[in-house]
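Step one of this worksheet: look at the structure below.
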Amino acid sequence: MGGAERWYRNLAERLRDEGHDVTYLTLRQWDRGEDAGVEEVEVIPVGPQMPLYGSNGNRRITPPLVFGAGVLWHLLRHGRSFDVVHTASFPYFSLLAASAVRGLGGYVLVTDWHEVWSSQYWREYLGRLGRVGETVQRLCARVRQRAFCFSELHGERLRALGLRGEPTVLRGEWAGPLGRPRPAPGGATAVFAGRLIPEKQAAALVGAIAVATTTRPKLRGAIYGDGPDRAASPQSMRTARPPWLPFTASSTTTSWRRRCATPSASSFPRGGRATAWSWSRRPRWAFPR
């Protein structure tokens with residue numbers, strides 16, 4: 001589960017606890033016959049389970065199209081049940097779908113822009129098709145919406161794309177306690193936690209830690225995450241001096257936060273869900289994600 005997925009689950013559960021009825025729309029991410037596992041939240045799959053990434057580590061185009069069509073069909077039938085539809089900008093087609101039928105549903109549209117990709121990054125990611133992706137992103141930015149983003153960088157990019165009004169810049173997606181955790185004993189550890197893709201440069205941290213140990217000889221490193229670069233990171237770790245902690249594909253947040261002396265951020269800024277709720281006596285939310 002990625003950071004944005006955690007964001008929407010936490011949001012759904014918070015709204016549920018405050019007395020809202022919540023509906024969460026998604027592609028099916030679990031085996032048939034299993035429960036989605038979110039108590040008192042109506043989780044509705046609007047499309048089948050399918051691989052989200054291709055063999056090159058890039059996102060596939062089919063899942064966003066399928067999800068967008070599923071969101072469109074659901075809101076055509078049930079859009080009047082919601083006062084607000086809250087969606088992520090990506091994968092774009094769900095946002096366009098929610099905008100297209102807003103006149104029938106009468107809801108307010110709220111959008112989270114976790115990323116706004118630059119023209120250069122679109123070309124790097126999709127080649128000649130990058131212009132198509134960039135155009136779709138621009139169309140989404142110009143939809144009438146209340147927009148949230150998570151950095152001033154992406155807020156500026158959003159304004160440049162033609163957003164109507166000002167985006168609200170949020171200062172993070174952390175849903176846990178705000179107090180600084182007490183570090184666990186055992187020495188200093190620099191931790192990388194995230195999807196292992198070239199933009200995040202997880203493998204580059206190995207060399208950075210080697211340099212840092214010239215002044216902090218007890219410093220160690222650990223990588224938490226998964227993705228197409230997973231094979232490269234352990235190889236570089238095996239040959240590193242000093243040795244790194246074992247590579248871990250997943251870990252509880254509390255575990256790595258307690259071990260972390262320095263959370264590392266080394267990713268390049270790059271470009272790049274939907275929720276609906278109702279203000280009735282018992283408000284109802286729906287999350288297309």
Self-check item: Sequence-distant residues sharing a close amide H with GLY227 (under 5 Å, placed H)
Solution: LEU196
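Please tell me the relative contact order of the stretch 32-186 in percent, rounded to the nearest whole number, where contacts are Cα pairs under 8 Å and at least six residues apart.
Relative contact order comes out at 15 percent.
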Quiz item: What residues have an amide H closer than 5 Å to that of ARG60, excluding those fewer than 5 places away on the same chain, when H is modeled at 1.01 Å from N in the peptide plane?
Solution: TYR53, GLY54
Exercise. List, in order, the whole-Hz ³J(HN,Hα) value for each residue of the stretch 73-89 obtained from phi through the Karplus relation with A = 6.51, B = -1.76, C = 1.60 and θ = phi - 60°; use x for Gly and Pro.
Key: 5, 5, 6, 4, 8, 10, x, 5, 6, 10, 8, 9, 10, 10, 10, 6, 4
Quiz item: For the pair LEU52 and LYS218, what calculated FRET efficiency results from E = 1/(1 + (r/R0)^6), where r is the Cβ-Cβ distance and R0 = 41 Å, to the nearest 0.05?
Solution: 0.55
Quiz prompt | THR62 versus ARG146: modelled label distance in nm, points set 7 Å from Cα along the beta carbon direction | solution = 3.8 nm
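Just so you know, all these numbers are worked out from the coordinates, no wet-lab data involved. Quantities reported herein were computed from a predicted structural model and do not represent experimental measurements. Cβ atoms come from the backbone with ideal geometry, glycine included; neighbour counts cover every protein chain shown.
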